[in-house]
Structures are given as structure tokens and as C-alpha cells.
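Right, one structure below, let's go through it.
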């Protein structure tokens, strides 16, 4: 597979959510599983997602030099800003997921036809109002539960 060698915009990216989990948490598991993703309509902003490691520090008195070791990994949270449409199937599933302790699958399809698959819990579903010239929105946080599965462009 040839990887993209130029930057690309986000226009045309699509995110979807499924109440089903894959057979296995790898490219093959997502590819052969029968997951059905409901597209989440009207996403205005996709925030960051990825790994952050905790760093533990130790300073012995005799050297007074701080020693650092890499600790636990956290795959973080992804925040979405969405134009609120109650009838949108993907948004409705996000609302249902926000009241549940279950984990869900998320698929992000990028314009270059690469994919990111995430196992998430929906940890926030917040209504955003505003003033006369604002659009009703929702803020949604996806707590990412394991390492994302990245499928490069074909």
C-alpha cells in the first residue's frame, strides 16, 4: 500500500457509531465483522485523539537529578461539536450511548479513504444553546478505551 505523501483537509470526513463491537481488535476484526455504523450527521469539529503516556518522576537526594520513566498509556478522549438534529440516527445513538455503561465502536472515514476504528464510551452529551445568531449544537466526548485501529488508504 502506498501511503499519502501530502497533507489533506478534513472536508468529506465521515464519522459513524455502532452498538456492536468487532470480532477482534485489529484490521481483520473490523474488516470481516458485520458492524453497521450509523453516520453522525452535522459534525462541525473533530477534536484530537491519540495516546498520552503518564510520566513518573523520581529525584534521589544524593544526585538531585530528576529521573523520568514512562508509565501508563491513555488513549484519551475525542470531543465532537455537532449541529443538533434530534432525528439523526447517529446523534440518537450517541444520546443512548451517553446513558449507557456499554462500549461502542466508532469508525472515522477520512477523505483519502483511510479509516480509524475506536472502541469508546460516550462520556458526555451536552446541549449547547447560545444567542440569536447561533445554531443549536451538542458537545459529545468519546472516551477511547483501547489503542485505535488504523487502516491506511488502499
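The values are calculated or read from the model by the stated rules, or taken from the named source; none is laboratory data. Here the structure is a predicted model, which means the values were calculated and not measured. Note that each Cβ is placed from the backbone with ideal geometry, even for glycine, and that neighbours are counted across all protein chains shown.
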Q.
Suppose we filter 56, 5 for residues that are over 17 Å from the mean Cα position of the chain (by Cα), in a strand (DSSP E or B) and loosely packed, with under 15 Cβ neighbours inside 10 Å; which single one remains?
A. 56
Q | Residue list for the range 21-37, restricted to those being closer than 23 Å to residue 76 by Cβ and either modelled with pLDDT of 85 or more or not in a helix (DSSP H, G or I) (or both) | A | 21, 22, 24, 25, 26, 27, 35, 37
Q: Test residue 65 against the criterion of being surrounded by fewer than 17 Cβ atoms within 10 Å (Cβ to Cβ), touching a helix residue (DSSP H, G or I) at 6+ places or on another chain (Cβ under 7 Å) and not in a helix (DSSP H, G or I), and give yes or no.
A: no
Q) For the range 6-42, what are the residues that are without any contact (Cβ under 8 Å) to a residue 40 or more places away in the chain and touching a helix residue (DSSP H, G or I) at 6+ places or on another chain (Cβ under 9 Å)? A) 23, 24
**Q.** Selected residue (criterion: surrounded by the most Cβ atoms within 10 Å (Cβ to Cβ)) from residues of the range 129-154 that are modelled with pLDDT under 95 and in a strand (DSSP E or B)
**A.** 149
Q) Hey, among the residues in the range 28-40 that are farther than 13 Å from residue 119 by Cα and in contact with a strand residue (DSSP E or B) (Cβ under 8 Å, 6 or more places away or on another chain), which one's surrounded by the fewest Cβ atoms within 10 Å (Cβ to Cβ)? A) 36
Q: Return the only residue of 86, 111 being out of contact with any strand residue (DSSP E or B) (no Cβ under 8 Å at 6 or more places or on another chain), surrounded by fewer than 15 Cβ atoms within 10 Å (Cβ to Cβ), touching a residue at least 12 places away in the same chain (Cβ under 8 Å) and assigned to a loop (DSSP other than H, G, I, E, B).
A: 111
